[in-house]
1. As a check on your grasp of the helix formula, calculate [θ] at 222 nm for the chain: sum -39500 (n - 2.57) over DSSP H runs of n ≥ 4, divide by the residue count, round to the nearest 500.
2. HN-Hα J couplings of region 82-87 from phi, Karplus 6.51/-1.76/1.60, θ = phi - 60°, integer Hz, Gly and Pro as x?
3. A 23 angstrom limit on the alpha carbon distance is what I want to check against. Which of K38/K124; K86/K140; K76/K96 exceed it?
4. Running a GNM on the chain with Cα contacts under 10 Å, which residue among A48, A114, A19 ends up with the highest mean-square fluctuation?
5. Can you tell me the FRET efficiency between H99 and E54 if r is taken as the Cβ-Cβ distance and R0 is 30 Å, rounded to the nearest 0.05?
6. Rounding to the nearest 20 debye, state how big the charge dipole of the chain is about its Cα centre with +1 on each Lys and Arg Cβ and -1 on each Asp and Glu Cβ.
7. Relative contact order for region 58-148: what percent, with Cα pairs under 8 Å and sequence separation of 6 or more?
8. Does anything in region 62-81 have its amide N under 18 Å from the 7 Å Cα→Cβ label point of D41, and if so which residues?
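The values are calculated or read from the model by the stated rules, or taken from the named source; none is laboratory data. Just so you know, these numbers come straight off a predicted model, no measurement behind them. Note that each Cβ is placed from the backbone with ideal geometry, even for glycine, and that neighbours are counted across all protein chains shown. For accessibility, only protein heavy atoms count, side chains too; no ligands or nucleic acids. Shrake-Rupley method; radii C 1.70, N 1.55, O 1.52, S 1.80 Å.
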Amino acid sequence: MSKAAAKAKAQVVRLLIPAGKAAPTPPVGPALGARGVKSMDFCKEFNAKTAHIEQGVPTPTLITVQPDRTFTFITKTPPAAYFLKKAAGIEKGTGKPGHVSNGTVSLKHVYEIAKIKSTDEHMKHLPLESIARMIVGSAKSLGVQVVP
């Protein structure tokens, strides 16, 4: 495969950007600038699209950059760890998961988070129970205890 053929493919950039706070500073600027996209154009579109979300909520974003330097992007729901930390009322996870617990969430919280996560495209085919189990696993790795 020649270099020209390799460059002709669309490139996908995965970033975690705070909702409504995208700016052409790292990580957005360098990631898009290296691919020839004007980062300010992306920031304006992203901030407009995420205006309805609470400011500062981390939003996973998939940006597809075409060879002609146009782009499209898809926003997903915030990470499960963000919701778990918010529900448990903690700033960050424990340093020793499994040994030290630094917060608790109820099973009701887990199912509410699972409902939110089930709207993501890659989780639509999974049953709610499976998504809830994934969230319980995330809670264990954060050091958050799940109580019935």
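1. After summing the helix terms and dividing by the residues of the chain, the value is -11000 deg cm²/dmol.
2. So the J values, rounded to whole Hz, are 4, 5, 5, 5, 5, 5.
3. Over 23 Å Cα-Cα: K38/K124; K76/K96.
4. A48
5. Efficiency for this residue pair is about 0.35.
6. With Lys and Arg at +1 and Asp and Glu at -1, about 320 debye.
7. Relative contact order of region 58-148: 31 percent.
8. Residues passing the 18 Å test: 62-74.
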